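To start, the structure itself, in structure tokens.
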Amino acid sequence: MNKKTVYIDMDGVIVNFQTGIDRLSAEVRAQFPNDKNIDEAEGIFGLMDPFEGAVEAVKKLAASEKLDVFILSTAPWRNPSAWSDKIDWVHKHFGIEEDSPLYKRVILSHRKDLNKGEFLIDDRKKSGAADFDGLHIHFGDVSEEEGRDGSYPNWYSVIDYFEEQGLLD
Ligand SMILES: [Mg+2]
């Protein structure tokens, strides 16, 4: 059977970026006035919580015989700890062993359009997301700045969509 490939972004989709900012020390935070380039703070990606329902939803998609699920995220170029913190985060929330739904299924890229597949669940258009060949499920509330129409405001709406398409077991 031909499985459909689903790529899932991390920040703003399964990872609540703001919770990482909130846990930085005052000293570190002061190094990034107005939070500009705050994603370059060392260790910040290890401090973030998942969004409500996100871990369960990813597990639900990954459990479907009809879907092949991968993480497709971008790590800041100038923050080497982000690259390792992201894999640690996946290990922590999904497990490290072969029975993890995301075992060896993590891709970090600045060119998401180069990945082949049917679905990309992403809150933004950058790093190639807007040029992805399949369907861009533009995750999050309505946002003029991000060009989102709010069709998929949260994980419940995403799961509903896959259910309607008959792609869940
Ligand atoms: Mg994102």
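Listed values, structure above:
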| read-out | value |
| --- | --- |
| Cβ-Cβ under 7 Å pairs, at least 6 apart or on other chains, the stretch 145-167 side within 12 Å of residue 135 (Cβ to Cβ), far side in a helix (DSSP H, G or I) and among the hydrophobic types (A, V, I, L, M, F, W, C) | 152/158; 158/57; 162/61 |
| Residues located in the stretch 60-74, provided they are surrounded by fewer than 16 Cβ atoms within 10 Å (Cβ to Cβ) and within 16 Å of residue 102 (Cβ to Cβ) | 63 |
| Given (1) at negative phi; (2) surrounded by fewer than 14 Cβ atoms within 10 Å (Cβ to Cβ), number of the condition residue 147 does not satisfy | (1) |
| Helices (runs of 4 or more DSSP H) wholly inside the stretch 1-75 that include at least 2 residues being more than 14 Å from the ligand (Cβ to nearest atom), touching a residue at least 24 places away in the same chain (Cβ under 8 Å) and out of contact with any helix residue (DSSP H, G or I) (no Cβ under 6 Å at 6 or more places or on another chain) | 17-23, 54-63 |
| Residue match in the stretch 84-104 (condition: of a type in the set (Gly, Ala, Ser), open to solvent by less than 40 Å² (accessible area, probe 1.4 Å) and part of a helix (DSSP H, G or I)) | no |
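The values are calculated or read from the model by the stated rules, or taken from the named source; none is laboratory data. Here the structure is a predicted model, which means the values were calculated and not measured. Quick reminder, even Gly has a Cβ in these numbers, built from the backbone with ideal geometry, and neighbours come from all protein chains shown. Accessible surface areas use protein heavy atoms only, side chains included; no ligands, DNA or RNA. Shrake-Rupley method; radii C 1.70, N 1.55, O 1.52, S 1.80 Å.
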